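To start, the structure under review is shown below, and the notes come after it.
We did not get these values from a lab; they are worked out from the coordinates using the rules stated. Not measured: the values here are computed from a predicted model. So basically every Cβ, Gly included, is an ideal-geometry build from the backbone, and we count neighbours across all protein chains shown.
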Amino acid sequence: MPSEDRRRFNRIQYLLEMKLEEMCARLPVELCLMVAREPVRECAISTIQELWCSRWSSDGDIDVSLGVWAQYVHIHGVRYVAILSNTADPKRNCTKLLDTNKASKVGVLYVLEDHLGIRQLVFASQGDPDKLPPFNPRMGL
């Protein structure tokens, strides 16, 4: 997906430009643009490595009947599921994916993912897959 790669590259470059302008306020904008192009790949690798090494893990059991909460992480502007749990952690920004009163109707779990991780979880009843909510590949921007 070349356009997605270009979008990610541009996003990282933009974030680096903003940091450079913030750190070196006296540098001309043109110079910040030139410098920000160079470390884009290294920045992407460093971000992924940092997220991978600091990931939180548990036994991996989620009881759907208790409801499901998710915490997300953004990697270069794209939202990914970082943590799933049965309770909302007050110290973290959590989103309710499944309410306890709807849990009994769940028959299927669709996991939408790409090469970096899980982008979206869709809980559905047994039925017509054409009635699923649309998946936005740029979700999280």
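Some observations on this one:
- Note on T87, T100: ascending count of other Cβ atoms within 10 Å places them as T87, T100, the fewest first.
- With neighbours defined as other Cβ atoms within 10 Å of a residue's Cβ, the residues E4, E17, E22 order from fewest to most as E22, E4, E17.
- Burial ordering of V73, V29, V68, fewest other beta-carbon atoms within 10 Å first: V29, V73, V68
- Taking Cβ atoms as reference points and 12 Å as the exclusive limit, the residues near T47 contribute a net charge of +1, counting Lys and Arg as +1 and Asp and Glu as -1.
- What the Cβ-Cβ distance of V35 and D89 gives, at R0 = 41 Å and to the nearest 0.05, is a FRET efficiency of 0.60.
- Under Karplus coefficients 6.51, -1.76 and 1.60, residue-wise ³J(HN,Hα) of segment 86-94 in Hz, glycine/proline x: 8, 9, 7, 7, x, 7, 10, 7, 10
- Applying D = kT/(6 pi eta Rh) to segment 9-102, where Rh is the Kirkwood radius over alpha-carbon pairs, T corresponds to 10 °C and eta to 1.306 mPa s, the Stokes-Einstein value obtained is 100 µm²/s.
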